[in-house]
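Here the structure is laid out as structure tokens; the discussion comes afterwards.
The values are calculated or read from the model by the stated rules, or taken from the named source; none is laboratory data. Treat the numbers as computed from the prediction; the structure is a model and nothing was measured. When we count neighbours, we look across all protein chains shown, and the Cβ atoms used for this are built from the backbone with ideal geometry, even at glycine.
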Amino acid sequence: MDISTQNTAAPPVTDQPSDAQQKRAARGATRPGDRIFLGLSRGSGIFLLVIMAAIAVFLTYRAAIAIGKDEANFFTTFEWNPTGTPPEFGIAVLAFGTVVSSIIAMAIAVPVSVGIALFITHYAPRRIGGVIAYVVDLLAAVPSIVYGLWGVLFLVPQLDGLYGWLDDYLGWTGVFSWQGGAPRSLFTVGILLAIMILPIITNVSREVFRQVPQMHEEAALALGATRWEVIRMAVLPFGRSGIISASMLGLGRALGETMAVAMVLSPLFDIQASLLDYGGGTFAQNIASKFNEATEMGRDALIASGLVLFVITLLVNGAARMIIARRKEYSGANA
């Protein structure tokens, strides 16, 4: 038999899909179920954008009415009152209190939450890890009003010792100086908010750490890495974007928390140098406490403060998206 004849008779190898495959692909792209799902997904995305736009338009329109009455010191004033009647508050003070209390909450909650998530996924036995995860889930289900009651009746009376210790050892900085009195300050609010956002950050981080490719961890162990080195070289780089996303979800809760903050914090429209000083204010707490007593124009003024909070939240989430996009090569998505 001629070998050359056999070679020429063999069908050519090609990477192009066959006619049957192309027909099946075209038929699958036009299936009714696919079209319905595509339409629902697209409609959901458009509906979300419409809602956000409607909120922005409403806040801007109602805020413009109040700002037009007294626009000179809207962003910097400590006592803004465009109506001459209650409510009277300061946008600068509320912005300061909202941002500072949220930063305190994030500084406390993020390391603790990541540590709990790592312990559940990589250190604890499965049975113990399941119990801890269940308790964390229960914390997420506790209503804000319950946190507020616990904070004002239990947490505040227990913080005298901590405030005194901070004043003794760190009071020279001015940030942690304490003049006495009930510890109903932005620092107390930050601690309470940290407890409230801890379940959110923990649950999201835990699910991210569970998605780490097993081969990455096994390869690090095969090279002689310790368990901590495995976490540092394989787990944390993979879950970095997930941790950032979880932190932003927690930050969104901290920025907008209302009832718990209103019950713990004593309103005082002044920017204090010390975080332990009595009083303070946040946007959500101020709106909740003053809305009933406000006139029509006063409500527009409160809505104007809500617009500032809305813009702050958008800026924070936009910054988080930029960070995640810049570090997407570490997310493990291409692994």
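Residues that are of a type in the set (D, E, K, R) and assigned to a helix (DSSP H, G or I) within segment 176-209 comprise Arg206, Glu207, listed in sequence order.
Does Ala194 satisfy the criteria of being in contact (Cβ under 8 Å) with a residue 12 or more places away in the chain and buried (at least 17 other Cβ atoms within 10 Å of the Cβ)? For Ala194, the condition - in contact (Cβ under 8 Å) with a residue 12 or more places away in the chain and buried (at least 17 other Cβ atoms within 10 Å of the Cβ) - is met. What tally of residues in segment 210-220 results from selecting those that are part of a helix (DSSP H, G or I) and surrounded by 14 or more Cβ atoms within 10 Å (Cβ to Cβ)? Of the residues in that region, 4 qualify. Output the residues belonging to segment 130-144 that are closer than 12 Å to Thr202 by Cβ and surrounded by 12 or more Cβ atoms within 10 Å (Cβ to Cβ). Across segment 130-144, the qualifying residues are Ile132, Ala133, Val136, Asp137, Leu139, Ala140. From the list Gly250, Gly242, exactly one residue is surrounded by fewer than 22 Cβ atoms within 10 Å (Cβ to Cβ) and either within 30 Å of Met322 (Cβ to Cβ) or small (Gly, Ala, Ser) (or both). Which is it? Among Gly250, Gly242, only Gly242 is surrounded by fewer than 22 Cβ atoms within 10 Å (Cβ to Cβ) and either within 30 Å of Met322 (Cβ to Cβ) or small (Gly, Ala, Ser) (or both). Quick one: is Ser247 closer than 24 Å to Pro183 by Cβ and either of a type outside the set (Ser, Thr, Tyr) or out of contact with any Asp or Glu (no Cβ under 8 Å at 6 or more places or on another chain) (or both)? So Ser247 does not fit the description; no.
Could we say that Ile120 is farther than 30 Å from Gln272 by Cβ and in contact with a helix residue (DSSP H, G or I) (Cβ under 6 Å, 6 or more places away or on another chain) here? The answer is yes for Ile120.
Residue check: Gly224 meets all listed conditions (1) farther than 30 Å from Asn286 by Cβ; (2) in contact with a helix residue (DSSP H, G or I) (Cβ under 9 Å, 6 or more places away or on another chain); (3) at pLDDT below 90 but one, namely (2). Determine if segment 227-245 includes at least one residue that is over 23 Å from Phe119 (Cβ atoms) and of a type in the set (Val, Ile, Thr). Within segment 227-245, none of the residues are over 23 Å from Phe119 (Cβ atoms) and of a type in the set (Val, Ile, Thr).
Of the residues Gly115, Gly151, which single one is more than 30 Å from Ala288 (Cβ to Cβ) and in a helix (DSSP H, G or I)?
Numbers: Gly151 fails: more than 30 Å from Ala288 (Cβ to Cβ).
Among Gly115, Gly151, only Gly115 is more than 30 Å from Ala288 (Cβ to Cβ) and in a helix (DSSP H, G or I).
Within segment 138-148, being out of contact with any helix residue (DSSP H, G or I) (no Cβ under 7 Å at 6 or more places or on another chain) and assigned to a helix (DSSP H, G or I) holds for Leu138, Ala141, Val146.
Yes/no matrix, rows are residues, columns are (1) in contact (Cβ under 8 Å) with a residue 60 or more places away in the chain; (2) of a type in the set (Phe, Trp, Tyr); (3) touching a helix residue (DSSP H, G or I) at 6+ places or on another chain (Cβ under 8 Å):
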site: Phe238; (1), (2), (3): yes, yes, yes
site: Ile244; (1), (2), (3): yes, no, yes
site: Tyr278; (1), (2), (3): yes, yes, no
site: Phe283; (1), (2), (3): yes, yes, yes
site: Leu302; (1), (2), (3): yes, no, yes
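Within segment 216-231, not a single residue is out of contact with any strand residue (DSSP E or B) (no Cβ under 7 Å at 6 or more places or on another chain), in contact (Cβ under 8 Å) with a residue 12 or more places away in the chain and under 30 Å from Asp300 (Cα atoms).
Taking segment 257-288 as the range and being assigned to a helix (DSSP H, G or I) and surrounded by fewer than 19 Cβ atoms within 10 Å (Cβ to Cβ) as the test, the residues that pass are Met259, Ala288. For the criterion of being at pLDDT below 85, part of a helix (DSSP H, G or I) and closer than 30 Å to Ile244 by Cα, Ala92 passes.
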